[in-house]
Structure formats: structure tokens, C-alpha cells
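Undergrad: Can you read through this structure? Questions will come right after.
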Amino acid sequence: MFGLYGAFAKVAFLTQLEYRGQYFMRMIAKLLGWSSGFILLVILLNKVGPVAGWGLYEILLLYAFDVLSYSIAGTFFMGGFGKLPRLIRSGELDGILTKPVNPLIYLICTKISAGYTSNYVIAGAMIGISLHKLGISLSLYQMIWMILDIAGASLIQAAGFMITTVPAFWFLKSDGLYRLFYKNLTSFLQYPLTIYHGGIRFLLTFLLPYGFINFYPVQLFINRQEGVPSPIFLFLTPFVGASVFFIAYRFWEKGLNAYQSTGS
Amino acid sequence: MYWVLIKCCFRQQFQYKWNLLFQMAGDWLGIYIKICIWQAILNAGSIKNINFETLVSYSVVAAMVSGLLYSRVAEELADRFRTGMIAIDFIRPISLKWYYFFGQLGENLFHVLFEGIFIAAVSFIIWKLPIPLPGTVLIFLVSLFLGLLIMFFIQYTIGLLVFWMKDGTYTRMITDGLFLLFSGIDIPLWFYPDWLRSLCDVLPFSYVAFKPISIWLGMQEAKQWQKILLIQLSWVLILFVAERLIWKQIQSSVEIQGG
């Protein structure tokens, strides 16, 4: 069974690599698009010094966690869920439902995106450089924990995509929801959450747990405990990731059950 | 005729009330984030010559400007190239470029008038931001309009590269990336190191965002407003010629391929 899904994913991935020139141009565009955020951060912090006590490399580490987990989630979920409203309206989803495979995995594998590889490089390099500049060397235990954190953070990001786009099953459109509850709210993550009002921190911790994407887990590696209700929050990311993803999956199933074809 | 187009796009937007509401909330969040960041930076105390009001004004006006700059022209061009519609555009009596420009302007004006102005008014009252004299506002508006033209030409010209790049999302990413870096829309150019700032002065992007906003704020740059307007005009001209050349190039290539 896994071989089958793997084959779907491989085909989807390779078709995007087919046109070398085009793929190369895409990489340049993406490199420019994503590194501009990092560059602006470096420009600003070089001029103004630490923000709320956080130095340049600590904030870069935050940002790199966000970009990396977003890109991992994007590779698997952006293709399918970004287009979900369109798949529903065009009736293409009906085609997926008739296949004798799990619709979610099918959707993920056939719409897998090859466009995020440049982000892995940028964000990975940023994490490496930041840790190096901060004089932090990770022990094996910490390294495993960082991988778990990235995995958990990616699941949170993926759950964010899914939960904000699945309402398209009922309303056929969901881009407003997606923009506000995913795009706009995750833009808080670029800086340490301590610079915002306590209410925002509460919202991003308990209601929409985006804070666990970078703010809480990163503090473990740079020996900080700011704006943390309890030290245990630094270790929660993998568990939060798994649970919100489970909720998102159930929500997707619910949407699928409520789904009525548009008949187009 | 173009006026009718602006009106149509205006009306269309009324249909999406919820979207509008969400978008407004999102825009508020954007400004709130910016303000928190400025506050945190000023609290750190290393910036002395710029005060909080200036930074907030900058961010609010910049948000309005970027609201006016939103454009889907790259994707639309990509669609037209893919479907072959572009062949019809070659023979249409109405120019594709101006059709997009005024269509988008209508849509963007709607957003800025209905939510942008509201957001701006509230922020100006909350933070007691200074409003410039009517004369300055007029110069600002002229400069802003020229800036919009410059940006549209850039978007359109880079959008035409889709003919070689095939995918509109990426032509737009390039424009957006360059704009973000060199225009000062996110971070005022005061914070840039000198060498980068001189680079920004040579590129057209800062004439879309930073320079017009500086005029509004009455910063040093504003004293040379005649010079700014003149450079903006030259950019419009240069980009206009560049776009014509690329368009010609595409037209002949399409003929070679037989459409």
C-alpha cells in the first residue's frame, strides 16, 4: 500500500522537476521571496540592536523555525489544501473519492510540491548559522529534540492549513478564513511573543497554538524562559502538534462526510 | 469607458461581505504587529532621532499604499498565455495593460476607501498622529499616483516574463521580493545601511513607497519633492518603453510559433 502512495508522490514530484529551466527560475523566485524576509530582519536588527532582549540570531532562529516548519507542511499540504476550494467547485474531488484509497493521503501524494526545497536550504542554513553565532552546540539528545520540535511544528502548520480550508466543504469558499486565521495570525511569530499584549500570547498558546511552532520550543535551545506559564511548555511542541493534527484530521473527515458534490 | 470598469469592480467587491470583514481584521492585526515591534525597538533605546508617532504614521500610510498596490496581473497574464487568450489580446481595440490597470485600481480603491481609510482614521485618532498641510497632501497624492503607475508597470513588465517562465506565481514572487527589499514598505529606509540605501535610490521601488510616504511625513526627503516627482516621471517613461519592447518581442515570438 505504501509503495502505491510512494509512487504517486514520486510522479507528482518528478513532473515538477521535468522542466529544468522552469524549475531553476522557480528556485530563484522562491529564494528571493523567502530570503527577503530574513534580509530585512538582519537589516533592521543590525541597526536597532536587540528587541525585547532578544538578539539578532535568537530572532533569526525563531524565524527559521517558522519558515522550515511552514515549508515542510507546505510540501505535503499546500498543494492539496490550497486548491481544495477549487477542487470542490470544479468537481475534481469527486474523482478522488471514487478511488479505493484514503482520500487524504491520495490528495497529499498527488499534489505534493517540489517548490519548497529552496526554503529547506535557507531555513536550515539559518538555524545552523544562528546556533553557531550563539555559541550553542547541540548534544545528541538536544538534536533529537529539535527534530521532534520541527516535526511537531510542521504538524501544527499543517493543521492550520487544513482547519482553515476544510470549511470550503460547507461554504465552497474559504480563502478569507485561511488568510485571517492562518496567514495573519502566524505573522505574529516572526518576533518573540513577549513584545505583544498578554492577550495575544494567551490566544496563540491556548486557543490557536501557533506559539508552539517557534516561541516555546526555541527557548529550550537558547536557555530562556520568557512568557512561559510553566517550564513544561518548552517541551510540549511534539504533543501539541500530534493532537491538533488529529483534530484537523477529524475535522477533514467531518467535512468529507458533509460534502455534497457541486454537480459540476 | 475605463471609468465604467472601475465602477464595475467596485460593485463586485460589495458581494463579499465576510471576506471584507476578515480582511479588515487581518489588516488591523498587521498594523498592530508593526506597532508592537516599533514599541519594542524604541523601548530598547538605541534609536533616538525617530519618535513613535513618526514610525506609526509611516506604518499606517505604508499599509494604505500597499493596499493600493495589490495586483493579480502576473497570474492573469499567465492564464492568458496558457489558454492562448493572449492571441486575441493582440488584436483587441482596448489595451490589455490599461484594462488591467484601471480594473485593479478600481478594486484597490474600494478596499482602501472602505476599510483602509477607516483603519487610518482610527489609528490617527488613537495615536494622535499629525496630519500634514493640504498642499503637502496634494503633492503626496500626485507622487503616490506616479508611484502606483511605476509599480504597475513593473508588475506588468515582469508579468510578461511569464511568456518564458510559464508560471505566474513565480513572476509575482520576484516582483514582490524585490519590492519588499528595496521599497521601504516594510522597514523605512532610515534603518538601512548607507550602501543599501544608495542602491535603493537608484532602483525604482523606493519611488513607489518610501519617497511618497516621506513626503507625507514631511521628512528631509520631502524638501526635494520636485526632484522626486521628476524622477518618478522618468521611471514611468523608462518602464513604458521597456514594456513596449518586451511586448513586441513576445508578439513576434508568438507568430513564429504560429500562436
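Undergrad: Can you give the direction-averaged projected area of the convex hull of the alpha-carbon atoms in the stretch A:1-151, in nm²?
TA: Working: hull surface 48.0 nm².
Hull-based average projected area comes out at 12.0 nm².
Undergrad: If you don't mind, another one. Sorting check: for A:245-257, B:176-188, which peptide has the highest mean count of neighbouring beta carbons within 10 Å, and how do the rest follow? Display every interim value, and only then the final one.
TA: Values: A:245-257: 15.0, B:176-188: 22.2.
Final packing ranking: B:176-188, A:245-257.
Undergrad: Taking each pair of different alpha-carbon atoms in the protein assembly as shown once, compute 1/r for the pair, average those values, and report the inverse of that mean as the Kirkwood hydrodynamic radius in Å to one decimal. Write down the numbers at each step before the final one.
TA: Working: mean 1/r = 0.0402 Å⁻¹.
Its Kirkwood hydrodynamic radius stands at 24.9 Å.
Undergrad: In deg cm²/dmol, rounded to 500, what helix-only [θ] at 222 nm does the protein assembly as shown give when every DSSP H run of at least 4 residues adds -39500 (n - 2.57) and the total is split over its residues? The partial results should precede the final answer.
TA: Working: 26 runs with 368 residues, N = 523.
Mean residue ellipticity at 222 nm (helix-derived): -22500 deg cm²/dmol.
Undergrad: May I ask which of B:LYS34/B:LYS223; B:LYS97/B:LYS128; B:LYS48/B:LYS128; A:LYS254/B:LYS34; A:LYS30/B:LYS248 have a Cα-Cα span longer than 32 Å here?
TA: On the way: B:LYS34/B:LYS223 27 Å; B:LYS97/B:LYS128 40 Å; B:LYS48/B:LYS128 20 Å; A:LYS254/B:LYS34 37 Å; A:LYS30/B:LYS248 28 Å.
Correct reply: B:LYS97/B:LYS128; A:LYS254/B:LYS34.
Undergrad: Taking the simple approach of a point 7 Å from Cα along Cα-to-Cβ for both A:VAL101 and A:ALA258, what is their distance in nm?
TA: Between A:VAL101 and A:ALA258, the label points sit 2.7 nm apart.
Undergrad: What aspartates and glutamates could a cross-link reach from A:LYS111, if we take a straight Cα to Cα line under 14 Å and drop same-chain neighbours fewer than 8 places away?
TA: The reachable aspartates and glutamates, counting only those whose Cα sits under 14 Å from A:LYS111, are A:GLU92.
Undergrad: With every atom except the alpha carbons ignored, what do you get for Rg and Dmax of the stretch A:6-66, in angstroms?
TA: 17.5, 50
Undergrad: Convert 20 °C to kelvin, take the viscosity as 1.002 mPa s, use the Kirkwood radius over C-alpha pairs of chain A as Rh, and evaluate the Stokes-Einstein diffusion coefficient in µm²/s, rounded to a whole number.
TA: Result for D is 109 µm²/s.
Undergrad: Please identify the longest segment of chain B free of exposed trypsin sites (Lys or Arg not before Pro), where exposed means a DSSP state other than H, G, I, E or B and no more than 12 other Cβ atoms within 10 Å. The partial results should precede the final answer.
TA: Values: sites that count: B:LYS48, B:LYS128.
Looking at chain B, B:129-259 is the longest stretch - no exposed trypsin sites (Lys or Arg not before Pro) with at most 12 other Cβ atoms within 10 Å.
Undergrad: I'd like the orientation of helix B:225-257 relative to chain B: the angle between its Cα long axis and the longest Cα principal axis, in ° from 0 to 90, rounded to 10.
TA: 30
Undergrad: While we're looking at this one, here's another question. Sort B:20-28, A:58-66 for me by packing, meaning the mean count of neighbouring Cβ atoms within 10 Å per residue, highest on top. Before the final figure, lay out the partial values.
TA: Numbers: B:20-28: 17.4, A:58-66: 23.7.
Highest-to-lowest ranking by the protection proxy: A:58-66, B:20-28.
Undergrad: At 15 angstrom or more along the helix axis (alpha-carbon based) and mean Kyte-Doolittle of 0.0 or higher, what helices does chain A contain? Whole DSSP H runs only.
TA: Details: long enough: A:2-18 (24 Å, 0.92); A:20-48 (42 Å, 0.93); A:56-73 (26 Å, 1.45); A:117-133 (24 Å, 0.71); A:140-165 (38 Å, 1.30); A:237-258 (31 Å, 0.54).
The answer, listed by residue number, is A:2-18, A:20-48, A:56-73, A:117-133, A:140-165, A:237-258.
Undergrad: Just going by the charge dipole of the stretch B:73-220, with Lys and Arg at +1 and Asp and Glu at -1 on Cβ, which of B:ALA120, B:MET85, B:SER143 is farthest out on the positive end?
TA: B:SER143
Undergrad: Give, rounded to the nearest 20 debye, the magnitude of the charge dipole that the protein assembly as shown has about its Cα centre when Lys and Arg contribute +1 at Cβ and Asp and Glu contribute -1 at Cβ.
TA: Working: 37 positive and 25 negative charges, 88 e Å.
Magnitude of the dipole: close to 420 debye.
Undergrad: From the gyration tensor of the Cα coordinates in chain B, what semi-axes in whole Å does the equivalent ellipsoid have, largest first, with each one equal to sqrt(5λ)? Can you show the working numbers first?
TA: Numbers: eigenvalues 231, 94, 58 Å².
Gyration-tensor ellipsoid for chain B: 34, 22, 17 Å.
Undergrad: I'd like the FRET efficiency for B:MET85 and B:THR169, computed as 1/(1 + (r/R0)^6) with the beta carbon distance as r and R0 of 22 Å, rounded to 0.05. Display every interim value, and only then the final one.
TA: Numbers: r = 18 Å, r/R0 = 0.83.
Given R0 = 22 Å and the Cβ-Cβ separation, E is 0.75.
Quick note: the coordinates plus some simple rules give every number you see, no bench work behind them. Predicted model only: the values in this text are computed from it and were never measured. No Cβ is skipped: glycine too gets one built from the backbone with ideal geometry, and neighbour counts run over all protein chains shown.
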